[in-house]
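Single-structure report; data block below.
Only the coordinates and a few stated rules stand behind these numbers; no lab work does. The model shown is predicted, which means the values in this text are computed figures rather than measured ones. Every residue, glycine as well, gets a Cβ built from its backbone with ideal geometry; the counts of neighbours run over all protein chains shown.
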């Protein structure tokens, strides 16, 4: 078992002094194995155990087939870059999408092999095997080796940080214990823990809690407005799942949220990749 220690809560060099809030844009591009489907969906009432939810499968397939393309267009219109966290299983299924994401200059992070396979349930050997094949598939089809990672459900195992460092990844966004990115020391070397926030995230806001799409922008507005009083440096995520806010109403809200963040005096738009790079340089 790895022993992992966080080293610092210092503000990374390069953080704008007059803009304490680092706003990262991320897309979760998620896939499931053929015998599985999302456990959380718009219908709300789960099917009985052992029955494949074909509605949930179709809903999830919207992400790589349509939603990710809508989000790529939206980001180009807004002039921003994002991190696309991609399930490895999708790379072989949608190679042209992988190429398009990379061609537009977005970073591709690894989102494990499939969303129904959680590292916390795997042995170290199983997790390492899936990590290796995920990284290989994403690199093969995008032309770039993933440098970052987020686990399904953002739930890593005790071995995840060490395995990421061992295989040359530089950051993971499974951290919920601090406001700023920090170096984590593992037996295989350091890896950056990037805080992941869920206040402006389509799944909890829109799917789990049933808010209308506009709530996405309203919540962000309140945070941006209140940050002048809070004042301290911290990270905030604007997160879309390609099968949720890759749909037209969600894309509209994503674009508006990005534009609000671009105009905010207290915020600067960035990505997990850029935050990790700042932390590593420091």
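Observations on the structure shown:
- When both bridge partners sit in the range 131-271, DSSP labels roughly 40% of those beta bridges antiparallel.
- Relative contact order (%) - the range 126-210, alpha-carbon pairs under 8 angstrom, separation at least six: 22 percent
- For the options 194, 219, 203, a Gaussian network treatment of the chain with springs between C-alpha atoms closer than 10 Å singles out 219 as fluctuating the most.
- Sequence-separation-based contact order of the chain, relative, with Cα cut under 8 Å and 6+ spacing, percent: 30 percent
- Each label was represented as a point 7 Å from its Cα along the Cα-to-Cβ direction; for residue 252 and residue 76 these points are 2.2 nm apart.
- Computed over the range 159-235, the P(r) tail beyond 20 angstrom holds 49 percent of alpha carbon pairs.
- Considering only 71, 224, 138, the mean-square fluctuation computed in a Gaussian network model of the chain, springs between alpha carbons under 10 angstrom, is largest for 224.
- Antiparallel DSSP beta bridges within the chain, as percent of all bridges there, nearest 5: 20 percent
- Inter-probe distance in nm under a simple model that places probes 7 Å from Cα toward Cβ, at residue 136 and residue 214: 5.1 nm
- Selected from 244, 135, 158 as most flexible by GNM, with the chain as the system and alpha-carbon contacts under 10 Å: 158
- Taking the fewest neighbouring Cβ atoms within 10 Å as the starting point, the ordered list for 142, 58 is 58, 142.
- Full-extension gain in nm, residue 176 to residue 281, via 0.36 nm per residue minus C-alpha separation: 35.6 nm
- Within the chain, helix-based [θ] at 222 nm, where runs of 4 or more DSSP H residues each add -39,500 (n - 2.57), nearest 500: -11000 deg cm²/dmol
- Computing FRET efficiency as 1/(1 + (r/R0)^6) for residue 51 and residue 93, where r is the C-beta to C-beta distance and R0 is 22 Å, gives about 0.40.
- Scaled radius of gyration (Cα, divided by 2.2 N^0.38 Å) that the range 60-211 gives: 1.03
- Per-pair calculated FRET efficiency, R0 = 51 Å: residue 199 and residue 125 via Cβ, rounded to 0.05: 0.90
- Neighbour counts of other Cβ atoms within 10 Å put 80, 150, 101 in the fewest-to-most order 80, 150, 101.
- Calculated on alpha-carbon atoms, Rg and Dmax of the chain in Å: 18.0, 54
- Taken over the range 181-282, the alpha-carbon convex hull comes to 123 cubic angstrom per residue.
- Spin-label proximity, residue 228 to the range 265-281 - amide N less than 14 Å from point 7 Å beyond Cα toward beta carbon: 265-267
- Residues 232, 99, 17, ranked from the fewest to the most other C-beta atoms within 10 Å, line up as 17, 232, 99.
- Note on the range 120-177: percent of Cα-Cα distances in each 10 Å bin, starting at 0 and stopping at the bin with the largest distance, equals 23, 58, 19, 1.
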